[in-house]
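The values are calculated or read from the model by the stated rules, or taken from the named source; none is laboratory data. Since this is a predicted model, take the numbers as computed values, not measurements. Every residue, glycine as well, gets a Cβ built from its backbone with ideal geometry; the counts of neighbours run over all protein chains shown. Each accessible area value is taken on the protein alone, full model and side chains, heavy atoms only, with ligands, DNA and RNA left out. Shrake-Rupley method; radii C 1.70, N 1.55, O 1.52, S 1.80 Å.
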Amino acid sequence: MELPEFIELRRPRWEALERLLDRAERQGLKSLALDDAQALSRLYRQASSDLLWVRARAGAADVSGYLNDLVGRAYAMTYPGQRLRLREVLRFFTHGFPALERREWRLVVASTLLFLVGGGFGWVGMAFDPDAAPYLVPTMHQKLDPVERARREADPSREQAGVGEQAAFSAFLMRNNIGVAFFAFALGLTAGVGTSILLFGNGVLLGSLAWVYAAKGQAGWFWAWILPHGIPEVTAICLAGAAGLVLARALVAPQGLSRRAALQREAGTAVRLVLGTVGLFVLAGLIEGTISQIHPPRLSVVFKIGFALIVGSGAYAYLLSGFLRRDDGAAPLKV
C-alpha cells in the first residue's frame, strides 16, 4: 500500500481518536461513556501500529509527527501514572529504606569494607612512605601544615563565616556529596569495578589525611573536624556504593535471566537504596557547613566528638531499625 492511500484509509480513525482525546483532556477520562473509553483504547492501539508502519517506510515527517503526538497523548491519558504522595514518601524513609538496607545488608557490608580497607591502605601507605603523599593525600591538603592550620583556626581575631556563607557552603556540600553518591551508584554498571575503585579511593584519601594529622600530634583536632559530618556522610557513601553493587550483581550473577532482564529487576532496588541516602547527605551537609567548621577553642574537641557520637547514634538507630521489624516496607516508593 502506498503512503497516500494508507493515509486516506486511516485518517477517519485518527480523527476519531483525536476527538475522543480532546474531550477526555477537557472533561477527564471518567467523563467518557464505556463505549467511548473502549473505542479510545482500540483506536490508540491502532494508531500505534500505524505509527510503526509509517516509520518503517520512512514516511513523511509531518505524518509521523502527527501520529507520534497522537499516540503520546493517548499514552498519557491511558497510563497517567501514580502521583507520589507525601505519606508514601514518609513511609519509605521511616520504614522502607531501613527495611531495604536490612535486605541488602551483605552488599552494605561489602561496600563498607571496601571503604575501610582503602582507609587502612592510606594510613599504612603514609606510615611506611611519607613521600607517597602526592599520590595518597588529597591535593588541597598536601601543602597545608596541620599544626599551622590548627593555630590559625584558633586565632580569636579570625573572622568567622556568616549565616549566609554557611548556608551557601552547606548547599554546595550537599550537591557535591549527592553527586558522588549517584556516581558511585552509576558505576555499578561497570560490573562493580568502578564502584569498588571509588569506595576504595575515598577511603585512601581519608586514611592518608588522618595519618598526616596524627603524625603532627593533631589527631584529636582532625577527628573533631571530620566525625560530626563524616559519620552520616561516609555511611551514605557506603550505602550508595551498595546500590552500585546491586546493579553489579545483576550483571555478574543474573540468576538465569538475560543481563538486561536482571538489570530491570534490580534497578528499582538500587534506585531506592541510593535515594534513601539523600537525607543523610542533607544532614552531613548542614553539619559540615556549620559545626564542623567551628574549631577549638570556640568548640572543644570533646564537645565536637560528643556531638558526633550523638549524631552517629541517632543515624544508626534509624538505619538499624529495619532489623527490628519483620515487615518489608521497601516497596511503597515507586521509581
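For L280, what charge total do you get from the other residues with a beta carbon under 15 Å from its beta carbon, if Lys and Arg give +1 and Asp and Glu give -1?
-1
Rounded to the nearest 0.05, what FRET efficiency do Q46 and E25 have when you use their Cβ-Cβ distance and R0 = 22 Å?
0.70
For the chain, with all protein chains present and a 1.4 Å probe, just round the carbon and sulfur fraction of the accessible area to a whole percent.
Ligands and nucleic acids excluded, carbon and sulfur give 63 percent.
Testing the spin-label approximation: label points 7 Å from Cα along Cα→Cβ at I305 and L189. State their distance in nm.
4.4
So, counting K/R as plus one and D/E as minus one, what does the shell of residues with Cβ under 15 Å around G256 add up to?
+3
Once the whole set of protein chains is in place, how much accessible area is left on L187, using a 1.4 Å probe, in Å² to the nearest 10?
30
When only alpha-carbon atoms are used, what values of Rg and Dmax, in angstrom, describe the chain?
27.8, 87
Roll a 1.4 Å probe over the protein chains and send me the accessible area per residue for the range 1-146 in Å². Write down the numbers at each step before the final one.
Working: 9450 Å² over 146 residues.
For the range 1-146, the solvent-accessible area averages 65 Å² per residue.
Tell me, which longest segment in the chain has none of the GluC sites (Glu not before Pro) that fall in DSSP loops with at most 16 further Cβ atoms within 10 Å?
For GluC sites (Glu not before Pro) (loop position, at most 16 other Cβ atoms within 10 Å), the longest site-free span of the chain is 160-335.
Only Cα pairs within less than 10 Å get springs; with that Gaussian network setup on the chain, which residue of G244, G256, G285 has the largest fluctuation?
Comparing G244, G256, G285 in a Gaussian network model of the chain, the most mobile one is G256.
Output the 0 to 90 degree angle, nearest 10, between the alpha-carbon long axis of helix 259-275 and the longest principal axis computed from the alpha carbons of the chain.
In the chain, helix 259-275 runs at an angle near 50 degrees to the longest axis.
Can you tell me the orientation of helix 3-27 relative to the chain, as the angle in degrees between its alpha-carbon axis and the longest Cα principal axis, to the nearest 10?
Around 60 degrees separate the two axes.
Using only the alpha-carbon atoms, how far is helix 278-288 inclined from the longest principal axis of the chain? Give it as 0 to 90 degrees, nearest 10.
Result, in degrees: 30.
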